[in-house]
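Heads up, the thing below is written out as structure tokens.
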Amino acid sequence: MPIVYDGIAFDEGLCLDVLIEKSIICELKAVEQMNPVWEAQILSHLKLTGKRLGFLINFNVSVIRNGIKRFIV
């Protein structure tokens, strides 16, 4: 996904795991312990893209609802 900031376009862009309906960003993980850096990453992605809703999903849990964290900006 390209980044445009203050009228300047950056070709490198963002590498999103999943973008749903052009409005929801999902960051997918399968780890034993979550890292706070990933929370900062999804918040940065939301701010840079102008999206408001994001999910950080960890699939390495016994019950999937325990591995989902929602972010709203």
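Looking across the range 1-21, the residues that are within 15 Å of the chain's Cα centre (by Cα) and among the acidic types (Asp, Glu) come down to ASP17, GLU21. Look through SER44, SER62, SER23 and report the one residue that is without any contact (Cβ under 8 Å) to a residue 60 or more places away in the chain and in contact with a Leu (Cβ under 8 Å, 6 or more places away or on another chain). Result: SER23 is the single residue among SER44, SER62, SER23 that is without any contact (Cβ under 8 Å) to a residue 60 or more places away in the chain and in contact with a Leu (Cβ under 8 Å, 6 or more places away or on another chain). Of all residues in the range 2-21, those that are touching a Gly at 6+ places or on another chain (Cβ under 6 Å) and exposed (fewer than 12 other Cβ atoms within 10 Å of the Cβ) total 1.
Table: residues versus (1) in a loop (DSSP other than H, G, I, E, B); (2) under 19 Å from MET1 (Cα atoms); (3) hydrophobic (A, V, I, L, M, F, W, C).
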site: LEU16; (1), (2), (3): yes, yes, yes
site: LYS22; (1), (2), (3): yes, yes, no
site: CYS26; (1), (2), (3): no, yes, yes
site: LEU48; (1), (2), (3): no, yes, yes
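The residues of the range 30-55 that are touching a Lys or Arg at 6+ places or on another chain (Cβ under 9 Å) and of a type in the set (D, E, K, R), listed by number, are GLU39, LYS51. One residue stands out among those in the range 22-73 that are among the hydroxyl-bearing types (Ser, Thr, Tyr) and either loosely packed, with under 14 Cβ neighbours inside 10 Å or within 9 Å of the chain's Cα centre (by Cα) (or both): the one that is modelled with the lowest pLDDT, which is SER44. Just one of the numbered conditions (1) of a type in the set (S, T, N, Q); (2) part of a helix (DSSP H, G or I); (3) in contact with an Asp or Glu (Cβ under 9 Å, 6 or more places away or on another chain) is not true of SER44: (3).
The values are calculated or read from the model by the stated rules, or taken from the named source; none is laboratory data. This structure is a prediction, so every number in the text was calculated from the model and none was measured. Glycine also receives a Cβ, built like all others from the backbone with ideal geometry; neighbour counts cover every protein chain displayed.
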